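Report on one structure; see the data block that follows.
What follows draws every value from the coordinates through simple rules; no lab data is involved. Here the structure is a predicted model, which is why all the values come from computation and not from measurement. Positions of Cβ are generated from backbone atoms using ideal geometry, with glycine treated the same way; all protein chains shown enter the neighbour counts.
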Protein chains: 2
Amino acid sequence: MCEETSAKQKVEISESVMSKNDRFAAENRKILRGRGLYTLNLISSPGAGKTTVLESMARYFGGRMAVIEGDIQTRRDAERIERAGCQAWQIETGGACHLDAHAVNHALGHMDLDSDELSLLAIENVGNLICPSGYDLGEDMRIGLLSVPEGDDKVLKYPSLFSTVDVLIINKMDLIPHLDFDVDRAIEECRSLNPDVNVFTVSARTGEGMEEFCGFVESGFLRNTG
Amino acid sequence: MCEETSAKQKVEISESVMSKNDRFAAENRKILRGRGLYTLNLISSPGAGKTTVLESMARYFGGRMAVIEGDIQTRRDAERIERAGCQAWQIETGGACHLDAHAVNHALGHMDLDSDELSLLAIENVGNLICPSGYDLGEDMRIGLLSVPEGDDKVLKYPSLFSTVDVLIINKMDLIPHLDFDVDRAIEECRSLNPDVNVFTVSARTGEGMEEFCGFVESGFLRNTG
């Protein structure tokens, strides 16, 4: 659960929490870069399709990708990723509404990251458009996923996320014929907050647009590893 | 943003925050019951259709209903409710990931609640399946809204909400033909946490099932005031 406190308490706690988080994020970055891993942090509402995007990525990247799954409860998502053929580690936050760098650091200690083939670590955050946006996990690329059924008005409603992402994915494009969703409006509103954002429109379910997105991620880690 | 603290700090802050919230919730309940208002707290993911449900309710209840809208940012939802013909007050939380009883108390002070016709106050919480579930706002009925595109696995992933709701609404039933969503599974998993939950399957967009749900709310406030 989120706590609310006095303004003074808030500033003090916030500073100490964030400096602790930033220390762990820096340590994660060192570990991950040391092993030549390029790291993604996927953030969205519950049910926007993060796990389906990762299943589709698992088919593209195979053993080159490992996944950390964040959920309040259940191992369901890690099991889906394992079935899709990738190594997966489930963090059950037991109530906490976001991942933090410490939890990811702990997960890294449990995973087998030594394979030469491994180049990519994808972290699926807890389904929440708000709280995860304040926490650097040590990633190279932050991805905000918005799905068509959520509506084209969500970018400006959740600016703390969409102003800080490197990539906006608009998912569930296969549902466009059944809904009133203005793709141009969503992209335009995102660019108004975040002019350099890279945008991909996909349907992880049908595969539409996924190859282009996976190619973009691949060029990121190929550039990274030289 | 959500803060994380030491376990000891957490317990202390949590107790003081919750007792403060509970005091305001009790005061809200006194104010609302004093004015004969029956109060709903609607909680869901971003984009599950809370505002569309309220627009549909506005057509059923007309001037008998007033609405408090909670959002991180923008007045978009209050404007939609006003266009649908009901009084609306927008709380912009400016970053906070849930409403609390104090914010609702403040809103009540700004609203015109004196009309004899007014019987129902609906509070639309911030779009978030996690953080709002810990905060009593002074409501009579807590409603969890799950939409078909989010997937039928969400109830057990977000038990802090779905174990505490009086009503589960499954919305966007018009999209069932285009998606793999097992309605029986979602209801069964909700009943496994919460045996007495009342369930409604609706499409707020087409109106399907909304009359039955509105009739249920109406019987609640008629029982309350009668």
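General remarks:
- A point 7 Å from Cα along Cα→Cβ stands in for B:Pro177, and the other copies hold the same point at 1.1 nm, listed in rising order.
- Calculated diffusion of the protein assembly as shown, Stokes-Einstein form, Kirkwood radius summed over Cα pairs, 20 °C and 1.002 mPa s, µm²/s: 95 µm²/s
- Within-14-Å neighbourhood charge of B:Arg33 [Cβ basis; K, R +1; D, E -1]: +1
- Net charge contributed by nearby residues that have their C-beta within less than 12 Å of B:Asn198 (K/R +1, D/E -1): -1
- Exam field: A:Arg59 pseudo-label spacings to other copies (7 Å along Cα-Cβ), nanometres: 3.9
- Each eigenvalue of the Cα gyration tensor of chain A, multiplied by 5 and square-rooted, gives one semi-axis; in descending order these are 25, 24, 16 Å.
- Exposure proxy for A:Asp174, A:Asp152: other Cβ atoms within 10 Å of each Cβ, ordered fewest to most, give A:Asp174, A:Asp152.
- Candidates per chymotrypsin sites (Phe, Trp or Tyr not before Pro) in the stretch B:164-226, loop by DSSP, up to 13 other Cβ within 10 Å: none
- Under a Gaussian network description of chain B, with springs only between Cα atoms under 10 Å, the residue in B:Leu137, B:Leu32, B:Leu175 that fluctuates furthest is B:Leu175.
- The stretch B:39-69 residues near the modelled B:Asp112 label - backbone nitrogen below 19 Å, point 7 Å along Cα→Cβ: B:58-59, B:61-69
- Distances between copies of B:Ser163, taken at a point 7 Å out from Cα along the Cα→Cβ vector and listed shortest first: 3.7 nm.
- Long-range amide H partners of B:Ala122 with built H, under 5 Å: B:Leu40, B:Ala66, B:Val67, B:Ile68
- As a rough footprinting exposure proxy, the listed residues A:Cys131, B:Cys190 were ranked by other beta carbons within 10 Å of their own, and the order from fewest upward is B:Cys190, A:Cys131.
- Peptide A:122-129 shows a mean partner chain C-beta count of 4 within 10 Å per residue C-beta.
- Between A:Gln90 and A:Glu69, the built amide H atoms are under 5 Å apart, and every one of these is 5 or more places off in sequence or on another chain.
- Approximate spin-label separation B:Arg35-B:Arg23, in nm, with each point projected 7 Å along Cα-to-Cβ: 2.3 nm
- Within chain A, the selection of entire DSSP H helices by a Cα span of 18 Å or greater along the long axis and an average Kyte-Doolittle value of at least -0.5 returns A:210-225.
- Taking every DSSP helix (H) stretch of at least 4 residues in the protein assembly as shown, weighting each as -39,500 (n - 2.57) and dividing the sum by the residue count yields a mean residue ellipticity at 222 nm of -12500 deg cm²/dmol.
- Nonlocal amide H pairs with A:Ala204, under 5 Å, H built at 1.01 Å: A:Lys172, A:Met173
- Over 32 Å between alpha carbons, listed pairs A:Lys172/B:Lys157; A:Lys172/B:Lys20; A:Lys30/B:Lys20; A:Lys157/B:Lys154; A:Lys20/B:Lys172: A:Lys172/B:Lys20; A:Lys30/B:Lys20; A:Lys20/B:Lys172
- Only beta bridges with both residues in the stretch A:21-221 are counted; by DSSP, about 0 percent of them are antiparallel.
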